[in-house]
Ligand code: PEP
């Protein structure tokens, strides 16, 4: 089996202006060291308005923190007022872009078809998509979390070739655990993350599936990350609220300590 480097990504959501962003990344950079980066990839998904400032800081100080956006347009360019294209993100040297976060699916009616178009747009411009999937509380209560989440994986990856899918990151984020303080048990996380890997093997190959990183997201904190990371199919976390506290996020990155 391929060794997978864990990816800890902070999703800042609509928080931190560009000055606060600089201060926050400086705090992370000050705390993190080469040993941390060797063991775990660290990324921040920041508001569009922060990207240029974060880029300048990362480039200027040769930081090993990766950065990216929380969304992108499915379109290349044109009359799409308010949208940001993959080409624009690529020009700012973003590494990652989240696609289909549950808040986008819920408040912006993003369907699997739209997510699929966004995954393709990300790859077209050399960005690595972090495809977010996961069930709501009603689906979980009905015991349909695996089928629901796998349908989102199928939809998001429709007609995405193996050469591209090999680098995708999938974030399993049960919607009922996002920003609620309600964390899934490590076993809950493993059940669905394991099923996602199984589906990737069916869609592509076991080798590809073994190389893809699958994150858990939903009220991750320093206190619960170690047990979640102990699960064989969990390769990192997408961290919302706790990523806004630099000390807490660094502890999450150091989940092995
Ligand atoms: C998220 O925004 O992806 C998330 C998981 O949020 P939180 O960690 O706050 O639950």
Return the pairs, sorted by first residue and then second, in which the second residue is within 16 Å of the ligand (Cβ to nearest atom) and assigned to a loop (DSSP other than H, G, I, E, B), the first residue lies in the stretch 9-26 and is under 21 Å from residue 171 (Cβ atoms) and free of Cβ contacts under 8 Å to residues at least 40 places away in the same chain, the beta carbons are less than 7 Å apart, and the residues are 6+ apart or on different chains. 14/47
So which helices (runs of 4 or more DSSP H) are wholly in the stretch 192-257 and hold at least 3 residues that are touching a residue at least 60 places away in the same chain (Cβ under 8 Å)? 206-211, 246-253
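Results for (1) within 15 Å of the ligand (Cβ to nearest atom); (2) surrounded by fewer than 23 Cβ atoms within 10 Å (Cβ to Cβ), shown as yes or no for each residue.
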{"residue": "139", "(1), (2)": "no, yes"}
{"residue": "147", "(1), (2)": "no, yes"}
{"residue": "154", "(1), (2)": "no, yes"}
{"residue": "174", "(1), (2)": "yes, no"}
{"residue": "193", "(1), (2)": "yes, no"}
{"residue": "205", "(1), (2)": "no, yes"}
{"residue": "222", "(1), (2)": "yes, yes"}
{"residue": "245", "(1), (2)": "yes, yes"}
Subset of the stretch 86-106, residues part of a helix (DSSP H, G or I) and either surrounded by 22 or more Cβ atoms within 10 Å (Cβ to Cβ) or within 13 Å of the ligand (Cβ to nearest atom) (or both), comes to 86, 89, 102, 103, 104, 105, 106
Residue that is surrounded by the most Cβ atoms within 10 Å (Cβ to Cβ) [pool: residues in the stretch 1-26 that are within 11 Å of residue 65 (Cβ to Cβ) and away from the ligand (no atom under 16 Å from the Cβ)]: 25
Quick test for you: out of 96, 125, 107, 172, pick the one residue that is in contact with a helix residue (DSSP H, G or I) (Cβ under 6 Å, 6 or more places away or on another chain) and more than 21 Å from residue 203 (Cβ to Cβ). 125
May I ask you to list the residues in the stretch 114-137 that are surrounded by fewer than 19 Cβ atoms within 10 Å (Cβ to Cβ), touching a residue at least 40 places away in the same chain (Cβ under 8 Å) and within 16 Å of the ligand (Cβ to nearest atom)? 136
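Taken together, the values in this text are just the output of simple stated rules run on the coordinates, not laboratory data. Computed from a predicted structure; not experimentally measured. All Cβ positions, glycine included, derive from the backbone under ideal geometry; neighbour counts span all protein chains shown.
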